[in-house]
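Read the structure below first, then the notes.
The values are calculated or read from the model by the stated rules, or taken from the named source; none is laboratory data. In this text, all values refer to a predicted model and were calculated from it rather than measured experimentally. For neighbour counting, all protein chains shown are included, and Cβ atoms are generated from backbone atoms with ideal geometry for every residue, glycine included.
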Amino acid sequence: MTSALTPCRSILIVDDEASVLSSLRRLLRHHNRDFQIQTVENGQAGLNWLKSNEAALILSDQRMPQMSGYEFLAQARQLQPDAIRVMLTGYSELESVVAAINEGHIYQYITKPWDDFQLALVVDQCLERYNLQKENRISRERLLDLMKHVNWGVVTFASDGTVAYVNDTFLEFLGRDRAEVQALVYESLLPDTVRHELEAQHKSTWTFVPNLKAVEHSFSVQRLGSSLDGGPMLLLRDRTDDEIFASAVEKLISNVTHELNTPLTSIEGYARLMKDKKTLTDAERFDFVDVILRQTRRLSGIIHNMLNLAEVSSGEQAVQIVDYDFHKMLQSSVDAAKPRAREKNINVIMAEETQKLAGQVPGDPLRLEQVLSNLITNAIKYSPPNTTITIEGGRGEQDYWFAVKDQGNGIPEVEQHKIFERFYRIENDVHTQEGLGLGLSLCKSFVDGHRGQIQLDSKVGKGSTFKVVIPTHKS
Amino acid sequence: MEALLVEDDNDVARLIQLYLSEIKVGVTHLDSGDKVAKHLDTQKHPDVILLDLMLPGKSGFEVIKDIKLSRRTKHIPVIIISSRRTVGDLEKCFNLGAKSYIMKPIDPDRLLDKVKEHMH
């Protein structure tokens, strides 16, 4: 494996005399076995070789028929500007050597006849120079490439405070173009408070609404001492997303705490009562155990939902398609929901047409029952007492569907597209109804796993209908 | 002695009622924040109000604010009973005029101690 930074030891030698070529080849091989030596007898052959090969050093005779060494090296320079060019020449041709040096075509010359030791030394120096230059150029390119693509904003200043370098990310953060930013100086770019904080502790936070953007962004700013340009260097990182994430986590923790604590309060409290109360009637005892069991179920439901969600987010969730009894799945979800609905005096029924459904459909009955149960639970949660929740289902040619229709509060139109997001709950209800806001996002994941669709039709004050459509074609 | 309890979870409400019956405190239970103002307008004032924070309708924060803003009710001591436990929540409640803050799950001894403080 060779990387861009592996030293190059390739040497091209051009001389019309075959004896010179072979004696140079022998000499350099002997000096260093790692040298890769290419010999050609005229300038044109040399240029052809350079078109597809890298040379660290080009060694060329001056006096050659057709193309002179001077001409060849001038053209070689166009092809490989970084290659070190050295001319081999007799004393009589010093004039053209001087011209070549002055015009920048060659770096050194060696006079014929040469001293072997001197020649080997010059070759070593030239190769070292070539490789240092190359390393320098690659490092610089890498650095520029990094600064260009990194998602940190980078800006460096000259010693007089003018902008020396600015990367695209920085411009994007500010929402300004390069010319605008380059017209700024250190003092005018940053607000005083940020600048003072940077000078005191090299770190600060800069919050503003970038040009052309609607919302405030928050950047952490780091100031590195002197850049190569003479003035300070600033690094900016956009932490707006981090903050949104942190506040979502905070909200989640607060919701989880509340959700888990409410059933725990009852479980612990009633168990304690049973332990401490000296006289307890059978009815009381039965009642307390009932509360404990009910609240334990609620607790495990919350944990179950959270585990499901963790599975979905870690990609472990797989939907297993089998043929299953559609009507049985619907009936079992409805039956499971009834006790809970009764507590709130809500009637859960299956539409008459739906009762007549028969036969098997493809899908994951466990997941789809979870979806339907979640939808019914939600409907119960958001429905006032003495209302009815209707479960409908049907089969089409290419799909089948089921729907949950409630007579609840309905969902405002602006909220409708957000409700399938994780942890979303209708804003006003965040602190009221139980739930983590996980249910609907889970439903959506399961339905997505079937390549199906979940649709919402809702009007505030009239109620909501959630409809799930599952395709039957197998792909 | 009479307490007004505002708590949306019926099991928790009944639990608190059972605890308080041990020290002969009668409890009137409301399950939403919206019902508090009307109750205080029309019924005999309680000796103490036990208030949950996360409630349907008006939140506990709003309820205590209303109680403390009204000249007729601001003297009634309010004890918060909540599972919220950030310093910010506690500070906010005390700034709004709460007397005590009891965390859920409820320690019954602490609950009874705090209620007894307001018994005459």
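See the values below:
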{"read-out": "The one condition in (1) buried (at least 17 other Cβ atoms within 10 Å of the Cβ); (2) not assigned by TED's automatic domain parsing to the domain that holds A:V122 that A:L5 fails to fulfil", "value": "(1)"}
{"read-out": "Qualifying strands (runs of 3 or more DSSP E) (wholly inside the range A:2-76; at least 3 residues being closer than 17 Å to A:E128 by Cα and among the hydrophobic types (A, V, I, L, M, F, W, C))", "value": "A:57-61"}
{"read-out": "Qualifying residue in the range B:53-71 (condition: assigned to a loop (DSSP other than H, G, I, E, B), over 16 Å from B:L20 (Cα atoms) and more than 14 Å from every other protein chain (Cβ to nearest Cβ))", "value": "yes"}
{"read-out": "Only one of B:I76, B:I81, B:I23 that is within 14 Å of another protein chain (Cβ to nearest Cβ), modelled with pLDDT of 90 or more and assigned to a loop (DSSP other than H, G, I, E, B)", "value": "B:I23"}
{"read-out": "Checking A:L143 against (1) surrounded by 13 or more Cβ atoms within 10 Å (Cβ to Cβ); (2) out of contact with any Lys or Arg (no Cβ under 9 Å at 6 or more places or on another chain); (3) within 30 Å of A:G231 (Cα to Cα), the condition it does not meet", "value": "(1)"}
{"read-out": "Residues of the range A:241-299 that turn out to be of a type in the set (S, T, Y) and closer than 14 Å to B:D11 by Cα, as a count", "value": "5"}
{"read-out": "Count of the range B:69-88 residues which are surrounded by fewer than 19 Cβ atoms within 10 Å (Cβ to Cβ) and closer than 20 Å to A:N261 by Cβ", "value": "4"}
{"read-out": "Filter result (within 14 Å of chain A (Cβ to nearest Cβ) and either surrounded by fewer than 23 Cβ atoms within 10 Å (Cβ to Cβ) or over 18 Å from B:V115 (Cα atoms) (or both)) within the range B:35-52", "value": "B:K35"}
{"read-out": "Of residues in the range B:90-112 being under 23 Å from B:D11 (Cβ atoms) and free of Cβ contacts under 8 Å to residues at least 40 places away in the same chain, the one nearest to the other protein chains (Cβ to nearest Cβ)", "value": "B:P105"}
{"read-out": "Top-ranked residue in the range A:182-234 [being part of a helix (DSSP H, G or I) and among the acidic types (D, E); ranked as nearest to A:V155 (Cα to Cα)]", "value": "A:E187"}
{"read-out": "Close pairs from the range B:4-15: first more than 10 Å from chain A (Cβ to nearest Cβ), partner among the hydroxyl-bearing types (S, T, Y), Cβ under 6 Å, at least 6 apart", "value": "B:L4/B:T28"}
{"read-out": "Selected residue [over 40 Å from the mean Cα position of the chain (by Cα), facing chain B (nearest Cβ under 10 Å), charged (D, E, K, R) and buried (at least 16 other Cβ atoms within 10 Å of the Cβ)] from A:R272, A:R298", "value": "A:R272"}
{"read-out": "Number of the condition not met by A:V289 [criteria: (1) buried (at least 19 other Cβ atoms within 10 Å of the Cβ); (2) without any contact (Cβ under 8 Å) to a residue 40 or more places away in the chain]", "value": "(1)"}
{"read-out": "Residues located in the range B:19-34, provided they are crowded, with 17+ Cβ neighbours inside 10 Å and free of Cβ contacts under 8 Å to residues at least 60 places away in the same chain", "value": "B:V27, B:L30, B:D31, B:G33"}
{"read-out": "Within the range A:237-267, considering residues that are part of a helix (DSSP H, G or I), in contact (Cβ under 8 Å) with a residue 12 or more places away in the chain and more than 14 Å from chain B (Cβ to nearest Cβ), the one nearest to B:D8 (Cα to Cα)", "value": "A:A248"}
{"read-out": "A:L280 vs. criteria within 13 Å of chain B (Cβ to nearest Cβ) and within 30 Å of B:T86 (Cα to Cα)", "value": "no"}
{"read-out": "Exclusive hit being modelled with pLDDT of 90 or more and part of a loop (DSSP other than H, G, I, E, B), set B:A13, B:A98, B:A37", "value": "B:A98"}
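Here is a yes/no grid of residues against (1) within 30 Å of B:T86 (Cβ to Cβ); (2) surrounded by 14 or more Cβ atoms within 10 Å (Cβ to Cβ):
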residue: A:T162; (1), (2): no, yes
residue: A:V166; (1), (2): no, yes
residue: A:A183; (1), (2): no, no
residue: A:S204; (1), (2): yes, yes
residue: A:P263; (1), (2): yes, yes
